[in-house]
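Everything on this sheet refers to the single structure shown next.
Each reported figure results from applying straightforward, stated rules to the coordinates on display, with no laboratory input. It should be emphasised that the depicted structure is a prediction, and the values quoted were computed from it without experimental measurement. So basically every Cβ, Gly included, is an ideal-geometry build from the backbone, and we count neighbours across all protein chains shown.
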Amino acid sequence: MFRDYKKEIADYEKSIKMWQKYIDDYELNCSVNIAEIHRVLGLLYRNDELKHSSLENWHYDQLLTYYLKALEKCTTTTSAAANPAEVADLCASIALAYQHHQDHGDQRANVLAAIKYQQLRMQHLLKYCSPNDMKIGNTFQRLVTCYMTIDLWDEAIVNYEKALDIYIYQNNYNYYDMIHLCEAIVGIYTEQKGENYAAAIKYQLLKHEFTVKVQNEVVEDDGEDENYSKNFGIAVSHEEVADMYIKLEQYDLARKHLIEAKKYCENCDPYHKESSIGHFEEKLRSIEQFFT
C-alpha cells in the first residue's frame, strides 16, 4: 500500500505551527504536543524508505528541547502547583528519549542523562505512590538497563534487587518475568562481578523456586508430553542449583539437588529417561570423593 510521506510530513509540520501559537500558554503546556510530533517525525526519518540521519537527529534534538520546556513549565514557580504524576510521566519521556538516541552524540553522557531523569521520575512517583508500588519497581528496572549500558554493574545489581523485592512484595507477578530477573542478577554476579557465587546463590535459589512454581502450574489441556517437559525443566533447574553449590564447595547441598533432579527424570520422556538418569548418576559419582 502506497504511503504518501510528503503529505504526512507536511501535515505534522502544519500541526507544529498550530501548536506554536499557544507556546506561551502555561496551563495548556503544548510543548508536550510539539515534542511528540517531533518524536513521530524522527521515527519517520529513521524508516528505511525515508532514511535521513541528519533530519532524524534534528527532530530528536527538538524533541528533547520541547520536553525539557514542558518540564520547566510544570515545575516553575509561576505556574500552578505541579502535578507529580504529570512531572513523573514527563521525566520518563525525557529519560527514554535520551536512552533511545544514546548513539546520537556522546553515548555515556546521554545514558547518564537518562539515569538523571529516571531518578527524578522516582522522586515524583514517591510523592503519590507507595515505595512498593509496581511503578517504582519498573523504574528501578529501567535504571538497570541504563547502568548496564555503561557497565556500572554495582548500580545495576542494587536496582535489580530493589525491583525484585518490590515484585515479591506485591505477590502479583508473572513467574517467567521473575525467572528472567533472577537469571539476570545471577549473570551479573557470576560474569561481571568476578564469579561471586556466594552472592549469586540466593538468586539461583529464587529462580529455582519460581521455575518449580511455573512448571507445576496446572494447565487443563496438558498432555503426557507437556508433563514430561515440565518434569525435565524442574530437573534442569535442580542441576543449575547443584552446579552452583559445587562451585561453592557445598557438596552436601549439591548432592541433595542432584538426587532431586534424578527423581524428576524418572517421569521424563521415556526415550531420554535412561540417558538423563545416567547423566545425574555420573554427576553424583563425581562428587562422592568429597564425602570420604
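Does the range 233-242 contain any residue that is acidic (D, E), in contact with a Leu (Cβ under 8 Å, 6 or more places away or on another chain) and in a helix (DSSP H, G or I)?
For the range 233-242, residues acidic (D, E), in contact with a Leu (Cβ under 8 Å, 6 or more places away or on another chain) and in a helix (DSSP H, G or I): present.
For the range 24-50, which positions are closer than 14 Å to L71 by Cα, touching a residue at least 40 places away in the same chain (Cβ under 8 Å) and surrounded by 14 or more Cβ atoms within 10 Å (Cβ to Cβ)?
Of everything in the range 24-50, those that are closer than 14 Å to L71 by Cα, touching a residue at least 40 places away in the same chain (Cβ under 8 Å) and surrounded by 14 or more Cβ atoms within 10 Å (Cβ to Cβ) turn out to be N29, S31, V32, A35.
Does the range 158-196 hold any residues that are farther than 24 Å from S130 by Cα and not in a helix (DSSP H, G or I), and which are they?
Across the range 158-196, the qualifying residues are K193, G194, E195, N196.
Within the range 268-275, is there a residue that is assigned to a helix (DSSP H, G or I), surrounded by 15 or more Cβ atoms within 10 Å (Cβ to Cβ) and in contact (Cβ under 8 Å) with a residue 12 or more places away in the chain?
Within the range 268-275, not a single residue is assigned to a helix (DSSP H, G or I), surrounded by 15 or more Cβ atoms within 10 Å (Cβ to Cβ) and in contact (Cβ under 8 Å) with a residue 12 or more places away in the chain.
Is there any pair with a first residue in the range 103-123 that is over 16 Å from D151 (Cα atoms) and a second that is assigned to a helix (DSSP H, G or I) and small (G, A, S) whose Cβ atoms are under 8 Å apart and which are 6 or more apart or on different chains, and what are they?
Filtered contacts from the range 103-123: K116/A95; Y117/A92; Y117/A95; Q118/A92; Q118/A95; R121/A88; R121/A92; R121/A95.
Based on what the data block shows, is Q215 in contact with a Lys or Arg (Cβ under 8 Å, 6 or more places away or on another chain) and assigned to a helix (DSSP H, G or I)?
Yes: the conditions hold for Q215.
Only residues that are among the charged types (D, E, K, R) and surrounded by fewer than 21 Cβ atoms within 10 Å (Cβ to Cβ): list them for the range 51-78, please.
Listed by number, the residues that qualify are K51, E56, D61, K69, E72.
Quick check on the range 14-22. Is at least one of its residues in contact (Cβ under 8 Å) with a residue 12 or more places away in the chain and farther than 25 Å from L68 by Cα?
No, the range 14-22 contains no residue that is in contact (Cβ under 8 Å) with a residue 12 or more places away in the chain and farther than 25 Å from L68 by Cα.
Restrict the check to the range 51-59 and report whether at least one residue is of a type in the set (D, E, K, R), free of Cβ contacts under 8 Å to residues at least 40 places away in the same chain and either out of contact with any Lys or Arg (no Cβ under 6 Å at 6 or more places or on another chain) or over 16 Å from R121 (Cα atoms) (or both).
Within the range 51-59, one or more residues are of a type in the set (D, E, K, R), free of Cβ contacts under 8 Å to residues at least 40 places away in the same chain and either out of contact with any Lys or Arg (no Cβ under 6 Å at 6 or more places or on another chain) or over 16 Å from R121 (Cα atoms) (or both).
Considering only the range 153-173, how many residues are among the polar types (S, T, N, Q) and within 13 Å of the chain's Cα centre (by Cα)?
Pass one, the range 153-173, residues among the polar types (S, T, N, Q): 159, 170-172.
Filter once more, so that each one left must be within 13 Å of the chain's Cα centre (by Cα): 159.
Result for the range 153-173: 1.
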